[in-house]
Each structure stands twice: as structure tokens, then as C-alpha cells.
Amino acid sequence: MWQYMTPGISDEYFIRGSVPMTKQEIRALSISKLRLKEDSIIWDIGAGTGSVSIEAALISKKGVVYSIEKEEDGIRLINENIKRFNVENIVVVAGEAPDALLDLPSPDRIFIGGTGDKMYQIFQTAITKLKRDGIIVVNGITLDTAYSANHYFKQKGYRVETICVNISVSKEAGNKTMMIARNPVYIITAKREG
């Protein structure tokens with residue numbers, strides 16, 4: 001069994017498949033932007049393999065993570081990873097946002113890893129349900145998502161910060177080491193003021 005005290009569990013520890021997964025370095029940064037507390041109520045929208053849900057649940061041990069996923073393969077992987085990491089404070093919600101969000105308890109923190117073609121509807125539900133002083137973190141791989149999230153939350157009176165993260169990872173090439181670039185990821189943090 002592995003031991004860890006900080007966000008950024010190695011990707012190799014998660015059961016994967018063809019379902020998208022937030023990679024270790026991006027996950028660590030995104031979770032740091034969420035500013036989780038021990039008792040946070042968290043929504044992980046578009047949870048994929050559940051990697052963000054797992055890490056959030058380990059930090060917010062007295063809270064609850066609602067892991068929302070619409071794909072059957074993703075739901076299966078989330079459940080497998082919950083067993084693998086032996087976490088008990090994750091509720092898997094099978095369904096598509098925003099409809100799957102409507103009956104959930106109001107969150108302190110929201111992580112949005114995927115929205116499909118319902119971005120604005122998800123954003124609207126998120127700001128309606130988010131508790132006072134809540135934080136929303138959106139990960140996007142396109143300029144369109146970064147612009148749309150930034151613009152939307154600013155218009156709604158949120159304090160917004162956007163960072164673009166470019167990661168390169170080493171790979172052995174014979175007896176030398178080269179760096180392989182991963183796709184840039186935009187991390188948009190929107191904080192509700194008052």
C-alpha cells in the first residue's frame with residue numbers, strides 16, 4: 001500500500017481505461033485551487049475515473065464528495081478506484097449534469113472536469129447551488145472553455161483567476177532522456193464573494 005500526504009497521487013495507482021483522467025500534476029494544482037477543508041461538501045462534475053474525487057475525499061475526510069459521471073465505463077472505474085483507495089465518503093451519482101445535480105446537497109466546492117455541450121447550464125446550476133464563500137474550479141483544454149468560464153463567472157460577480165499549465169514529462173530514448181509535452185490545460189478558479 002502506498003502512503004501520501006499531499007495531492008498528486010501517481011497516475012499509475014489509479015485503475016484506468018479509455019475514460020479521461022485528470023493527470024497527477026494538473027490534479028494537484030486543481031485541488032490546491034479548491035482550498036478544501038476537512039468537512040467540505042464537494043461536487044466532481046464529469047468525474048471520469050474518479051481521480052479528483054479520490055484525492056478530494058482523502059483530504060476532506062469528514063466531508064462528502066459527489067462524483068457525477070454519465071458514462072457507464074466511468075461509473076465502473078470510479079467504483080473500482082473507491083475500493084482500491086478504500087475511501088468511504090464518495091457518493092457516485094450516475095447521470096448527466098446539470099439534471100443530476102438538482103437534488104444534491106449544496107456544495108462548498110465544485111470541480112468541473114467535463115461539461116460536454118451543457119457548459120452554461122452546468123455553470124448556472126453550480127452558481128445557484130454553491131454555498132456562500134464557495135469555490136469553483138474548471139479544467140479546460142480549449143481556449144473556448146477558458147474564455148467562456150472566465151467571462152461567465154466574472155459577469156456573475158465572482159473573483160476569477162485563470163492559469164495555463166504546460167507540463168512536459170521525461171521519457172527514456174535509448175540511453176538519453178527526452179521531454180514529452182502534454183497538452184496545455186487551463187485551470188479557471190472562480191470564488192464567490194460574500
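The values are calculated or read from the model by the stated rules, or taken from the named source; none is laboratory data. Everything quoted here is computed from the prediction, not taken from an experiment. These area figures cover heavy atoms from the full protein model, side chains too; ligands, DNA and RNA do not enter into them. Shrake-Rupley method; radii C 1.70, N 1.55, O 1.52, S 1.80 Å.
Some points to look at:
- Cα-based convex hull, the range 103-188, per residue volume (Å³, whole number): 125 Å³
- Solvent-free Debye scattering, log10 I(q)/I(0), computed from the Cα coordinates of the chain at q = 0.12 Å⁻¹: -0.55
- All Cα pairs of the range 54-152, percent lying beyond 21 Å: 35 percent
- Heavy-atom surface analysis with a 1.4 Å probe gives the chain a carbon and sulfur content of 49 percent of its accessible area.
- Summarised as an ellipsoid, the range 13-91 has semi-axes of 18, 14, 11 Å, derived from the eigenvalues of the Cα gyration tensor scaled by 5 and square-rooted, with the largest first.
- Take the chain with all the other protein chains still there, run a 1.4 Å probe, and you get 52 Å² of accessible area per residue.
- Within a Gaussian network of the chain (alpha carbon springs, distance under 10 Å), most fluctuating of 24, 121, 155: 155
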